[in-house]
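My questions will all concern the structure given below.
The values are calculated or read from the model by the stated rules, or taken from the named source; none is laboratory data. No experiment lies behind these values; they were computed from the predicted model shown. As a convention, Cβ positions derive from the backbone with ideal geometry for all residues, glycine included, and neighbour counts pool all protein chains shown. SASA here: full protein model, heavy atoms, side chains in, ligands and nucleic acids out. Shrake-Rupley method; radii C 1.70, N 1.55, O 1.52, S 1.80 Å.
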Amino acid sequence: MGELRLYAIGIDEVRDMFGAHAELAERLRGQGHAALLPAPSHASDRQGLLSRLGPIFRRVPGTPVLDPDDPTPADLERIITGAFVPAERSIATWRVLETLIRENSWGGTGVPLAGDELDSFDFALARGGVNAAAGLRHVLNTPTELPLRLPPGLFVGYHTGEEAEWMAASYRQALPGIEEPGHRDLAYGLANWLDGFPHWTRIAETQGRPAPDLIGFWSAP
């Protein structure tokens, strides 16, 4: 099963994680190393899909790596220092980066979505009158220009915050024309989440942070 994950965070904030300045690097190290801790056994399931994405590290630091794609502190340091990422560490490093994005985002959402389901949803949007540029494929295919090569099976793209607000309005307007209940429910849920962008933008301004953009991750099955 594929998995779509969306985050609200300024794309420049993500780009700045690579070769981060001292203050940012210290914060990212703290967030990254906190993810090294094992997941608490009493974690609530009420937070939905996103709560089950982390922490990315399921072992105590210093213990042997059981899987070649398990992230390590070295993968975290490659991001923070802007060092070269070997191809064999690409998956692990993307897992680290997504955790840092999640920790610093204004909000996030996620849904199980296989490839054919993603495309059929976009087709349903188009039949409802939504411009193709507001489809999920278009988000995922818009390059983030991050200095990290994507591994096979992972798609990462982004839209600006203004485009995210336009997507929300487009999805909501298309609801009466979407026939399949599952597609209609998904469009409604995504529109509700995307409606948060104006609020997050106002908060970001008061905190001196960039306005959030929409960053999408999709793991193909």
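Quick one: which residue in L97, L125, L76, L118 is touching a strand residue (DSSP E or B) at 6+ places or on another chain (Cβ under 8 Å), among the aliphatic types (A, V, I, L, M) and not in a loop (DSSP other than H, G, I, E, B)?
Numbers: L97 fails: touching a strand residue (DSSP E or B) at 6+ places or on another chain (Cβ under 8 Å); L125 fails: touching a strand residue (DSSP E or B) at 6+ places or on another chain (Cβ under 8 Å); L76 fails: touching a strand residue (DSSP E or B) at 6+ places or on another chain (Cβ under 8 Å).
That would be L118, the only listed residue that is touching a strand residue (DSSP E or B) at 6+ places or on another chain (Cβ under 8 Å), among the aliphatic types (A, V, I, L, M) and not in a loop (DSSP other than H, G, I, E, B).
What is the one condition in (1) within 30 Å of E23 (Cα to Cα); (2) open to solvent by 30 Å² or more (accessible area, probe 1.4 Å); (3) touching a residue at least 24 places away in the same chain (Cβ under 8 Å) that A83 does not satisfy?
Going through (1) within 30 Å of E23 (Cα to Cα); (2) open to solvent by 30 Å² or more (accessible area, probe 1.4 Å); (3) touching a residue at least 24 places away in the same chain (Cβ under 8 Å) one by one, A83 breaks only (3).
Right, another one. Checking S41 against (1) at pLDDT 90 or above; (2) open to solvent by 40 Å² or more (accessible area, probe 1.4 Å); (3) more than 26 Å from D213 (Cα to Cα), only one condition comes out false. Which one?
(1)
Exactly one of (1) among the basic types (K, R); (2) closer than 29 Å to D75 by Cβ; (3) without any contact (Cβ under 8 Å) to a residue 60 or more places away in the chain is unmet by R102. Its number?
Evaluating R102 over (1) among the basic types (K, R); (2) closer than 29 Å to D75 by Cβ; (3) without any contact (Cβ under 8 Å) to a residue 60 or more places away in the chain leaves (3) as the failure.
Here's something else I'd like to know. Read through the list (1) crowded, with 16+ Cβ neighbours inside 10 Å; (2) at pLDDT 60 or above; (3) of a type in the set (A, V, I, L, M), then give the number of the only condition that M1 fails.
M1 satisfies every listed condition except (1).
May I ask you to list the residues in the range 194-215 that are in contact with a Phe, Trp or Tyr (Cβ under 7 Å, 6 or more places away or on another chain) and not in a helix (DSSP H, G or I)?
P212, D213, L214, I215
OK, next. Consider L140 against the criteria (1) open to solvent by less than 50 Å² (accessible area, probe 1.4 Å); (2) within 17 Å of A35 (Cα to Cα): it satisfies all of them except one. Which criterion is unmet?
Against the list (1) open to solvent by less than 50 Å² (accessible area, probe 1.4 Å); (2) within 17 Å of A35 (Cα to Cα), L140 comes up short only on (2).
May I ask you to say which residue of G129, G157, G161 is open to solvent by 30 Å² or more (accessible area, probe 1.4 Å), among the small types (G, A, S) and in contact with a helix residue (DSSP H, G or I) (Cβ under 8 Å, 6 or more places away or on another chain)? Reasoning before the result, please.
Numbers: G157 fails: open to solvent by 30 Å² or more (accessible area, probe 1.4 Å); G161 fails: open to solvent by 30 Å² or more (accessible area, probe 1.4 Å).
None of the other options fit; the residue is G129.
Run I215 past the list (1) in contact (Cβ under 8 Å) with a residue 24 or more places away in the chain; (2) more than 19 Å from the chain's Cα centre (by Cα) and report the number of the one that doesn't hold.
Only one criterion is unmet by I215, namely (2).
Now a separate question. If I filter the range 131-142 for residues that are closer than 24 Å to S219 by Cβ, at pLDDT below 95 and part of a loop (DSSP other than H, G, I, E, B), do I get at least one hit? Walk me through it before giving the result.
Quick first cut of the range 131-142, residues closer than 24 Å to S219 by Cβ only: 132-142.
Adding the requirement that they be at pLDDT below 95 leaves none.
Checking the range 131-142: not a single residue is closer than 24 Å to S219 by Cβ, at pLDDT below 95 and part of a loop (DSSP other than H, G, I, E, B).
So A168 ticks every box in (1) outside any helix (DSSP H, G or I); (2) buried (at least 18 other Cβ atoms within 10 Å of the Cβ); (3) not basic (K, R) but one. Which box is left unticked?
Going through (1) outside any helix (DSSP H, G or I); (2) buried (at least 18 other Cβ atoms within 10 Å of the Cβ); (3) not basic (K, R) one by one, A168 breaks only (1).
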